[in-house]
1. Net charge within 13 Å of R356 by Cβ-Cβ distance, Lys/Arg positive one each and Asp/Glu negative one each, not counting R356 itself?
2. Given 25 °C and 0.890 mPa s, how large is the Stokes-Einstein diffusion coefficient of the chain in µm²/s, with Rh as the Kirkwood radius over Cα pairs?
3. Take the range 154-240, compute every pairwise Cα distance, and split them into 10 Å bins from 0; I just need the percent in each bin.
4. Give the lysines reachable from K342 as a straight Cα distance under 28 Å; neighbours fewer than 8 places away on the same chain don't count.
5. Express in Å², to the nearest 10, the accessible area of F136 obtained by rolling a 1.4 Å probe over the protein heavy atoms while all chains stay in place.
6. I'd like the accessible area for Y264: 1.4 Å probe, protein heavy atoms, all chains in place, Å² to the nearest 10.
7. Which of the GluC sites (Glu not before Pro) found in the range 246-303 are in a DSSP loop and have at most 14 neighbouring Cβ atoms, other than their own, within 10 Å?
8. Could you compute the net charge surrounding N180? Neighbours are other residues with a C-beta less than 13 Å from the C-beta of N180; K and R count +1, D and E count -1.
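The values are calculated or read from the model by the stated rules, or taken from the named source; none is laboratory data. Being a predicted model, the structure only gives us computed values, none of them experimental. When we count neighbours, we look across all protein chains shown, and the Cβ atoms used for this are built from the backbone with ideal geometry, even at glycine. Just so you know, the surface numbers come from the protein's heavy atoms only, side chains and all, with ligands and any DNA or RNA stripped out. Shrake-Rupley method; radii C 1.70, N 1.55, O 1.52, S 1.80 Å.
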Amino acid sequence: MTLKFPDNFLWGGATAANQCEGGWDQGGKGLSVVDVVPWGENRRPVMSGKMDYRSLPADSYYPGRVAIDMYGHMKEDVALMAEMGFKCYRFSMSWARIFPTGMEAVPNEAGLRFYEELIDELIRNHIEPVVTICHFDMPIYLVDTYGSWKSRTVIDAYLKYCQAIFERFKGKVHYWMTFNEINMLMHLPFMGAGIRIEAGENKEQVKYQAAHHELVASALATKLAHEIDPENKIGCMLAAGQFYPYTCDPDDVLQAMQKDRENYFFIDVQSRGEYPCYAKKYLERQGIKIEMEPGDLDILKTYTVDYVAFSYYASRLTSAKPVDGAETAGNVFKSLKNPYLKVSEWGWQIDPVGLRITMNAIYDRYQKPIFIVENGLGAKDTVQPDGTIEDDYRIEYLRAHIQEMKKAVCEDGVDLIGYTPWGWIDLVSASTGEMSKRYGFVYVDRDDAGNGTLARSRKKSFYWYKKVIESNGETL
Ligand code: BGP
């Protein structure tokens, strides 16, 4: 029995354009969703689609606009990844950089060139690019003009964008994901999918209709990717984390199963090719009628994904009966406090064994290769007077998760493509807009209000992760 990661295991790190790239008005880029999501008390109302960004105070601060300016630090940042020995880098492209409004007939050459330079630089450094096509990021024009994914027009706009990047990066990029955390649409509709809920609209109806359009777009993108280059591998991507029942009361167990299904719904369609029976019944019960065009169901059935990617930060806990005062924070999803788990400074529960459980649950369900494309600890770091950063807490978190990941691969036989911890370099937090919620192996000198030199420095975890990669996960 081999207890090692496969030789071609893709160790790397992940980011997303909307949280690291900046350069919001550079190179002909159009305004995108993240550019209008502010820092501070209005962030949640805007992200959840309850507040229109056009009514924000004029002095609002938008941390994504400059972020950590990877746009201006690209070569330096690739050099840091190369120094750690990355085998792959998961990043997203900004749709609005390539099609500023989403409706142009031809792509913006300067936008394509930026990603071409990045991809070429990665390949020169033997780093496999792993691209998220849409990560909380779309031209705001599509939102304001068409209501985003409420409209089928956006499917065409998305496919035009996909075609432009599949053709331009043919032979250079092989791993793609159609939508980041597609289930985020249910929880933060504006950030997840550019959806604003207008007065009088039935929220659930709107969200499931938009989801249908995204699912059709994802299937058609999969078709296109395979036609353009049969070597392309397309993944779906889920904000994952198994739900546990609060007690062994069968009602709690049932509730946990149902909670998991709310999220699995999306990737059940993307991976198995059809609306699952439980979802059909749910929609029926809620009186939700999804408008479909003839052929939609065939498209979903025929063009399923090649692999299943997911983010994992924590497991979740749920009860069928109300449990007073036992709720805790966690990657947008509400969860009860699990007395067996510690929490991060932001209240996110820490559950390495939950990663093994989640990996097995997903692999059992789909029997397709899986890819952990986000995992990590958001924490405050202290820069010592000599400039060093001793982030042992981060090392401890990642070590424990990698140990469990290893068990899932080596003892349970899960087919895992790779591991890309989130925010390998500090970046803007999606949920809070803070810079002080840091995930990186690399520190970036920038604070929550946007002050700082943007200088990069290596944390203790940088050297640790380099060794992990060098030893293919043997030295932890
Ligand atoms: C996921 C997102 C990422 C990332 C991560 C960490 O939901 O895909 O974009 O931000 O969560 O969350 P946060 O930044 O809120 O700490």
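1. -3
2. Here the translational diffusion coefficient equals 109 µm²/s.
3. 17, 44, 28, 9, 2
4. Of all the lysines, those that pass the test against K342 - Cα under 28 Å, at least 8 places apart if same chain - are K259, K321, K334, K380, K406, K407, K437, K459, K460, K466, K467.
5. Accessible surface of F136 is approximately 10 Å².
6. Approximately 10 Å² for this residue.
7. Here the sparse-neighbourhood loop sites are E274, E291.
8. -3
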